[in-house]
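One structure coming up, written as structure tokens, with questions to follow.
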Amino acid sequence: QVQLVESAGGLVQAGGSLRLSCVASARTFSINTMAWFRQAPGKEREFVAAINWSGVSTVYADFVKGRFTISRDNGKNAVYLQMSSLELEDTAVYYCASRSARITPTAAQYDYWGQGTQVTVSS
């Protein structure tokens with residue numbers, strides 16, 4: 001069993017930055033693929049970014065390339081999402097997720113999920 005706990009999101013102005021954190025409870029964290037998804041009101045949950053166990057391989061959704069960076073610190077069992085140049089459309093509940101296999105953008109293939117944290121971008 002893996003428990004994932006996201007840091008608090010927040011309210012940020014368009015063009016601003018915010019960093020999300022997610023800490024995992026499992027001792028096997030270092031071998032897990034970690035990912036961030038988001039879900040806006042009335043929309044389906046969508047893939048944002050993922051990072052493999054070593055941190056060498058990352059995948060991003062097209063709409064965040066160049067603006068968001070995913071990273072991890074296996075010593076702290078933590079994964080991060082640095083978000084910059086935030087846009088109104090980035091407003092959503094952000095979730096971290098974990099799986100023990102390779103990176104995939106498909107939400108249904110992740111085994112564990114955090115509770116989600118609200119990010120609101122204002123004009």
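The values are calculated or read from the model by the stated rules, or taken from the named source; none is laboratory data. What you see is a predicted model; the values in this text were computed from it and never measured. No Cβ is skipped: glycine too gets one built from the backbone with ideal geometry, and neighbour counts run over all protein chains shown. Surface accessibility is based on the protein's heavy atoms, side chains included, excluding ligands, DNA and RNA. Shrake-Rupley method; radii C 1.70, N 1.55, O 1.52, S 1.80 Å.
Go through the residues of segment 74-89 one by one and say whether even a single one is in contact with a Cys (Cβ under 6 Å, 6 or more places away or on another chain) and at pLDDT 95 or above.
Within segment 74-89 (the criterion being in contact with a Cys (Cβ under 6 Å, 6 or more places away or on another chain) and at pLDDT 95 or above), the answer is yes, since at least one residue qualifies.
Of the numbered conditions (1) more than 16 Å from the chain's Cα centre (by Cα); (2) touching a residue at least 60 places away in the same chain (Cβ under 8 Å); (3) over 14 Å from residue 117 (Cα atoms), residue 32 satisfies every one except a single condition; which is it?
(1)
Looking at segment 1-17, which of the residues that are buried (at least 18 other Cβ atoms within 10 Å of the Cβ) and assigned to a strand (DSSP E or B) is farthest from the chain's Cα centre (by Cα)?
Of everything passing the filter in segment 1-17, 4 is farthest from the chain's Cα centre (by Cα).
A follow-up question, please. If I filter segment 69-88 for residues that are over 12 Å from the mean Cα position of the chain (by Cα), closer than 16 Å to residue 105 by Cα and either aromatic (Phe, Trp, Tyr) or open to solvent by 30 Å² or more (accessible area, probe 1.4 Å) (or both), do I get at least one hit?
no
When residues of segment 18-29 are filtered for being in contact with a helix residue (DSSP H, G or I) (Cβ under 8 Å, 6 or more places away or on another chain) and either over 15 Å from residue 96 (Cα atoms) or in a strand (DSSP E or B) (or both), how many remain? Please lay out each step first, then the result.
Kept after step one, since they are in contact with a helix residue (DSSP H, G or I) (Cβ under 8 Å, 6 or more places away or on another chain), are these residues of segment 18-29: 23, 29.
From what's left, either over 15 Å from residue 96 (Cα atoms) or in a strand (DSSP E or B) (or both): 23.
Residues that pass the stated criteria total 1.
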